[in-house]
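> One structure is given below, represented as structure tokens, and several questions about it will come after.
The values are calculated or read from the model by the stated rules, or taken from the named source; none is laboratory data. This is a predicted model, so every value here is computed, not measured. Please note: Cβ atoms are built from the backbone with ideal geometry, for glycine as well, and neighbour counts cover all protein chains shown. In case anyone asks, the SASA skips ligands and DNA or RNA and just uses the protein heavy atoms, side chains included. Shrake-Rupley method; radii C 1.70, N 1.55, O 1.52, S 1.80 Å.
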Amino acid sequence: MAMAIRVFMLLLLFLSSSNPSFSLYEDQVGLMDWHQPYIGKVKHAVFQTQKAGRKRVIVSTEENVIASLDLRRGEIFWRHVLGGNDAVDEIDIALGKYLISLSSEGSILRAWNLPDGQMAWESFLQGSKPSKSLLFVPTNMKADKDNVILVFGKGCLHAVSSIDGEVLWKKDLVDESVEVQNVIQPLGSDIIYAVGFSGSSQVDVFKINAKNGELLRHNSAAFPGGFSGEVSLVSSDMLVALDATRSILVSISFLDGEISFQQTYISNLIEDFSGMAVILPSKLTGMFAVKASTFMVFIRVTGEGKMEVVDSINHAAAVSDALPFSEGQQAFGLVRHEGSKIHLTVKLGHDWSSDLLKESIEIDHHRGLVHKVFINNYIRTDRSYGFRALIVMEDHSLMLLQQGAIVWSREDGLASVIDVTTSELPWEKAGVSVAKVEHNLFEWLKGHMLKLKGTLMLASPEDVAAIQGMRLKSSEKSKMTRDHNGFRKLLIVLTRSGKLYALHTGDGRVVWSILLRSLRKSEACEYPTGLNVYQWQVPHHHAMDENPSVLVVGRCGLSEDAPGVLSFVDTYTGMELNSFNLAHSVAQIIPLPFTDSTEQRLHLILDTDRHAHLYPKNPEAIGIFQREFPNIYWYSIETDNGIIRGHVLKHSCNLELADEYCFDNSDLWSIVIPSESEKIIATATRKLNEVVHTQAKVTTDQDVMYKYVSKNMLFVATVSPKATGEIGSATPEESSLVVYLIDTVTGRILHRMTHQGSQGPVHAVFSENWVVYHYFNLRAHRYEMSVIEIYDQSRADNKDVWKLVLGKHNLTTPISSYSRPEVITKYQSYFFTHSVKAIAVTSTAKGITSKQLLIGTIGDQVLALDKRYVDPRRTINPSQAEREEGIIPLTDSLPIIPQSYVTHTLKVEGLRGIISVPAKLESTSLVFAYGVDLFFTQIAPSKTYDSLTEDFSYALLLLTIVALIAAIFVTWVLS
Amino acid sequence: MATITRSNPILLILSLYFVLSYAPAAFAISSGNVDGYTISGRVKIPSMGVRGFALPGKLSNAKVILNGGQRVSFLMPDGYFTFHNVPAGTHLIEVAAIGYFFSPVRVDVSARNPGKVQAALTENRRILSELVLEPLREEQYYEIREPFSIMSVVKSPMGLMMGFMVIVVFLMPKLVENMDPEEMRRAQEEMRNQGVPTLANLLPGAARSS
């Protein structure tokens, strides 16, 4: 009997812990995870609506994405994410079947098949000098004759066959030191004109034979006033430029290569003009747009270079390029803002007064201003021309307007996530019953019977579909209230456009979004950039009725010493509570582990002048801060000089203006890394909110090892200066990687290790008492992952029972950051197959559950790798006891188990970051990966040991109970 | 410790020397310009077509990545890819295609002997005579549901519970009945002497074996 119980228990244990890896059945996709594909802010758009079939618009974006979208619904047909430094310069359609893209500053020309996005050909265009890159696809392309694409890039003009990408001829214009601004091929002619500036005041016109690239003529003429750069082409033989003072408009006519100038003072055209004018990039015919002070002015140019103002618009506006439609007519679109509405007008190119279309559309003011507009025509049922407009907004969203309504909109701002934090949802209000039984008992039982059939593989296809539908539409996961397991949260996402989104973890929908006032472009703030988002107020104990809020930190400019901006946003309502323009810059933000009585977290913002500023600015905060004053230490890293400094607060600032929230600091220690031999390339610290469950680790021989768990540890990786480049640029002999573990309070180096023949990029993650880092081993020419675990040796003697009894132990000595305990480290390296883009570690509520590394691979997938594989104690032949402890036999490389990809068959294109937040349920961790796409899932590194799995069969349980009761009765009757 | 991982380079270097001295110009590398070479190769996926993602249409989503993201190239319809303007040195090429596991490839572009190029899979150190990259294996991202069997029901906790109860209810009395009364008495006495086994002295053993 005893044996039976024992076997039974063993069996149970075995069953519950058989498979340690994360895995998913195919029919579970979409239950706990969601994936959202995005494209980013659209730069160019071309429509493909000529042929019958599905109408598309092909776009290229600032995230280096080329995508084909369904014009009816805005869905992605196909999409390609180009490499990080392969920015798209221009796109166009050729031959009616290829999308031509020019990228990498005019050096790579690719043709993509329009229906499926398959690359048809690729052509590498060589040139020597960086220059403007232009793509010119003649519009009257016939399949038999003119199938030549003209590309100007890197100082060379290329003629490329659009059929196979072969370079037909190449004309180098570098020697003339001319910066070509435009390439023009008049309709149906065999002559190409390339117009450019050389120096600041000379105009050059090249006349080139389109057949063979022969230079027919080169004219140049000097304009004494000089030019200021931008030009606008108004007709096939005339350009308009601004002079160096930006107050005179110069029309440059180059009819048949002869250059002539005509000047027009802007003040003659616009009465109260003063200051500088800017020519807006537009492609209109006989007309161009100028931004002068607050006006946007449209100026018509007549044949002789005479200019006249057609219209001036006082509001923010955007203009599309000219669109040729029937009978040689051209139209262009203009979008203006007026109040909460935008007005879309489509006008004929030559006749300003006629409006082909006039629509006004109400638009959410959180979308900001219209940045770009693209128009396309279609033929209505009554054979008149209709127009649709694709508009790109300030928040990077994309919208299609047609017949006075928004047909679809895409939130493409989410393709450029900068930082993420989470917020809890509100509690369920009283009155709404939490334990509402699903529908009724019968429905419930039916559902579970279906599930039972599913698990027993007896379900018919219809049943399977019903099960899937039932699971997916379960409203439970997308409720707007907090749940018991803590799975439902809000992801607060800050994007590059300055828009803050709240996404629901259940289904990924946008709960609210707000374009932050402080991060919008304005007169005072020309280049606002968002930096980070922090949890500002997390009410839990005594501020229960307050809504939680987040702090968004940004700066007003691109450089580090630009003044900072702060915004506070309520996470329930999505309202901006407050925003400040700071007088000081933002170099570093330190959330302190203290909160005031309203649960606002204290934050220390360090500026570039080495002052520390305390937020929130209230007397209570300063009181708390003064108490903890001597306990606040931080570090700063100067990557360029290779100096790591430890700082401590000194006293209030000595400024002219007394500011009691400003503090000076002094250096406590500094570590200078010799810049001639090492260069800092990566750092990592522990997450501030990480929970460690146990300090001790029991090893197989009943020995105890104490983890050295300190919040003040810093991991620093340096490489030799020669090895800072890409792989392939350094030899193994001249590259080495050095890693340091540094205590940031005392500046003590706890561990230093050199990897000879290795180089970066280094991706590291620090958790508990270990750090795992990924780097490239040049000797083996493979990637490696190393682990360092650090243990506290000074407490190792405490396991002696007699010492404990006699009181000769140091358990009662407080653990202090000031003490210098003896530490020992254990380390080991393993090969890892893939390049890594990001690395993170799962975090759970209490830190009991074992950890998994979340590795974002080069293929944009996220791999969950058990920490047990990256263990320094793995040996080739673990003893029986070690095996029981869970030590895996040593292998030279880490296993890649396809089932442990948390993204399963999906890709998080352009992956940039992975974050993990604990759920309330200890076994489960929420994972959010972002890049161009967003992906969210729940993972349970040790399986869901504390809850029944989703596919738990209640029906089977009921059946068992019924059977047992029956058995009891049967035996009772029998006996 | 690290000795295992460190012993590899020698092997690799040896094999490379071999290639350097004997292998002919392996595949298309041309020095078009002074500042760089062109690496071109081919990705070949055997069309097993067993599962959904083995279809050739998915090949258009494959990418070829040079040096961990320095450059990204796409595949032509026939699987060819090219990197232009690559400096001399030892490079790493990776193929990212959902559903397949590709080994990264080290490619040596030699400056001294233009046109001489070696390539080797880094996973198994296999030398490639031409730059044709084939997946080492297909990747199955989902667990396969095992078909229904009586065993799976029996093995489930509920099944075990039932089975155990059945044994206790039906078989135990039988066992006791069939026992020799003498033996029975002896066993009972033994039990009394030992004391009833409690869960407490079962636990350490059970815990250790978890």
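> To the nearest 500 deg cm²/dmol, what mean residue ellipticity at 222 nm is calculated for the protein assembly as shown from DSSP H runs of n ≥ 4 alone, each contributing -39,500 (n - 2.57), summed and divided by the residues?
Mean residue ellipticity at 222 nm (helix-derived): -3500 deg cm²/dmol.
> Using a 7 Å offset from the Cα along the Cα-to-Cβ direction at both A:K283 and A:Q262, what is the distance between the two label points in nm, to one decimal?
Calculated label separation equals 2.5 nm.
> Would you mind putting B:169-179, A:904-914 in packing order, based on average other-beta-carbon counts within 10 Å, highest first? Before the final figure, lay out each step's value.
On the way: B:169-179: 10.9, A:904-914: 21.8.
Per-residue Cβ counts within 10 Å, averaged per peptide and sorted highest first, yield A:904-914, B:169-179.
> In whole angstrom, how far apart do the alpha carbon centroids of the stretch B:60-81 and the stretch A:835-897 sit?
One Cα centre to the other: 30 Å.
> Nearest 20 debye, what's the magnitude of the dipole of the stretch B:90-130 about its Cα centre given +1 on Lys and Arg Cβ and -1 on Asp and Glu Cβ?
Details: 5 positive and 4 negative charges, 39 e Å.
With Lys and Arg at +1 and Asp and Glu at -1, about 180 debye.
> Based on Cβ point charges of +1 for Lys and Arg and -1 for Asp and Glu, what charge dipole magnitude is obtained for the protein assembly as shown about its Cα centre, in debye rounded to the nearest 20?
2120 debye
> Ordering A:E599, A:E560 by how much accessible area each has at a 1.4 Å probe, largest first, what is the list? Spell out each step's value before the answer.
Numbers: A:E599 10, A:E560 100 Å².
My answer, sorted largest first, is A:E560, A:E599.
> In chain A, which whole DSSP H runs stretch at least 24 Å along their own axis (Cα) and average 1.6 or higher on the Kyte-Doolittle scale?
A:954-974
> Now for a separate question. Kindly give the semi-axes, whole Å and largest first, of the ellipsoid equivalent to the stretch A:477-552, taking each as the square root of 5 times a Cα gyration tensor eigenvalue.
The answer is 27, 16, 9 Å, longest axis first.
> Is there a simple number for the mean count of other chain Cβ atoms within 10 Å of the Cβ of residues in B:96-106, and what is it?
Mean shielding by partner chains, rounded to a whole number: 4.
> Okay, moving on. Counting partner chain Cβ atoms within 10 Å of every residue's Cβ in A:781-789, what's the average?
Taking all residues of A:781-789 together, the mean is 4.
> Mind ordering A:155-161, A:37-43, A:958-964 by average Cβ neighbours within 10 Å, highest first?
Listed from highest to lowest mean packing, they are A:37-43, A:155-161, A:958-964.
> Kirkwood Rh over Cα pairs of the stretch A:851-975 into Stokes-Einstein at 10 °C, 1.306 mPa s: D in µm²/s?
For the chosen part, D equals 88 µm²/s.
> I would also like to ask the following. Would you mind checking the pairs A:K97/B:K63; A:K170/A:K211; A:K679/A:K722; A:K291/A:K372 and listing those with alpha carbons more than 20 angstrom apart?
Beyond 20 Å: A:K97/B:K63.
> So what does the Cα-only Debye profile of the stretch A:26-105 read at q = 0.12, 0.14, 0.22 Å⁻¹, as log10 I(q)/I(0), no solvent term?
With one equal scatterer per Cα and no solvent, log10 I(q)/I(0) is -0.40, -0.52, -0.99.
> What is the distance in Å between the Cα centroid of the stretch A:62-115 and that of the stretch A:617-637?
So the separation of the two Cα centres works out to 52 Å.
> So, one more: Relative contact order for the stretch A:618-759: what is it in percent, counting Cα pairs under 8 Å that are at least 6 residues apart?
Relative contact order of the stretch A:618-759: 18 percent.
> Between A:T573 and A:E560, with labels modelled 7 Å along Cα→Cβ, what's the label distance in nm to one decimal, could you check?
In this crude label model, A:T573 to A:E560 measures out at 3.9 nm.
> Relative contact order of the stretch A:56-181: what whole-number percent is it, with Cα pairs under 8 angstrom and at least 6 residues apart? Write down the numbers at each step before the final one.
On the way: 292 pairs, mean separation 20.1, N = 126.
Relative contact order comes out at 16 percent.
> Once amide H atoms are built 1.01 Å from N in the peptide plane, which residues 5 or more positions from A:Q118, or in another chain, come under 5 Å H to H?
A:N113
> Kindly identify chain A as rounded, prolate or oblate by the Cα gyration tensor criterion: order the square roots of the eigenvalues as a ≥ b ≥ c, call it rounded if a/c is under 1.5, otherwise compare a/b with b/c, prolate if a/b is larger, else oblate. Please list the in-between numbers first.
On the way: a/c = 1.90, a/b = 1.57, b/c = 1.20.
In terms of gyration-tensor shape, prolate.
> Still on this structure, please answer the following. Could you state the orientation-averaged shadow area of the convex hull built on the Cα atoms of the stretch B:75-140, in nm² to one decimal?
Convex hull of Cα atoms, orientation-averaged projection: 5.1 nm².
> Something else: Please report the relative contact order for the stretch A:844-975, taking Cα pairs under 8 Å with a sequence separation of at least 6, and give it as a percent rounded to a whole number.
Details: 182 pairs, mean separation 29.2, N = 132.
Computed over the stretch A:844-975, the figure is 22 percent.
> Let me ask something else. Using a 1.4 angstrom probe on heavy atoms only, work out the carbon and sulfur share of the accessible area of the protein assembly as shown in %. Numbers along the way, then the final one.
Working: 29920 of 53870 Å².
Carbon plus sulfur share of accessible area: 56 percent.
> Taking amide H positions as placed 1.01 Å from N in the peptide plane, with prolines and chain starts having none, which residues 5 or more places from A:K851, or on another chain, fall under 5 Å of its amide H?
Excluding prolines and chain starts, which carry no amide H, the hits are A:K867.
> Using the 4.7 Å Cβ rule, please list in number order the cysteines from the protein assembly as shown without any candidate partner.
When partners are defined as cysteine Cβ atoms under 4.7 Å apart, the protein assembly as shown leaves A:C156 without one.
> Taking the solvent-accessible surface of protein heavy atoms with a 1.4 Å probe, what is the per residue accessible area of the stretch A:518-575 in Å²?
47 Å²
> When you look at the Cβ of every residue in A:820-828, what mean number of other chain Cβ atoms sits within 10 Å?
Partner Cβ neighbours, averaged per residue: 1.
> As an exercise, use a Förster radius of 35 Å and the Cβ-Cβ distance of A:L957 and A:I848 to find the FRET efficiency, rounded to the nearest 0.05. Don't jump to the answer; show the numbers that get you there.
Numbers: r = 27 Å, r/R0 = 0.76.
That pair, A:L957 with A:I848, gives E of 0.85.
> Rounded to the nearest 100 Å², what's the accessible area chains A and B bury against each other, both chains counted, probe 1.4 Å? Display every interim value, and only then the final one.
Numbers: alone 45330 and 15610 Å², together 53870 Å².
Adding both sides of the contact gives about 7100 Å².
> Now for a different question. List the lysines whose Cα lies under 19 Å from the Cα of A:K867, skipping any in the same chain that are fewer than 8 positions away.
Reachable lysines: A:K687, A:K697, A:K707, A:K826, A:K837, A:K846, A:K851, A:K943.
> Another question, if that's okay. Among A:241-250, B:158-167, what's the highest-first ranking by average C-beta atoms within 10 angstrom per residue?
Values: A:241-250: 19.5, B:158-167: 15.6.
The packing order, highest mean first, is A:241-250, B:158-167.
> With +1 assigned to the C-beta of every Lys and Arg and -1 to the C-beta of every Asp and Glu, and no other charges, what is the dipole magnitude of the stretch A:237-350 about the Cα centre in debye, to the nearest 20? Walk me through the intermediate numbers first.
Numbers: 8 positive and 12 negative charges, 91 e Å.
Rounded to the nearest 20 debye, it is 440 debye.
> What ratio of Cα Rg to 2.2 N^0.38 Å holds for the stretch A:156-306?
My calculation over the Cα atoms of the stretch A:156-306 gives 1.10.
> Taking the solvent-accessible surface of protein heavy atoms with a 1.4 Å probe, what is the per residue accessible area of the stretch A:303-356 in Å²? It would help to have the intermediate numbers written out before the result.
Values: 2470 Å² over 54 residues.
With the other protein chains kept in place, the stretch A:303-356 gives 46 Å² per residue.
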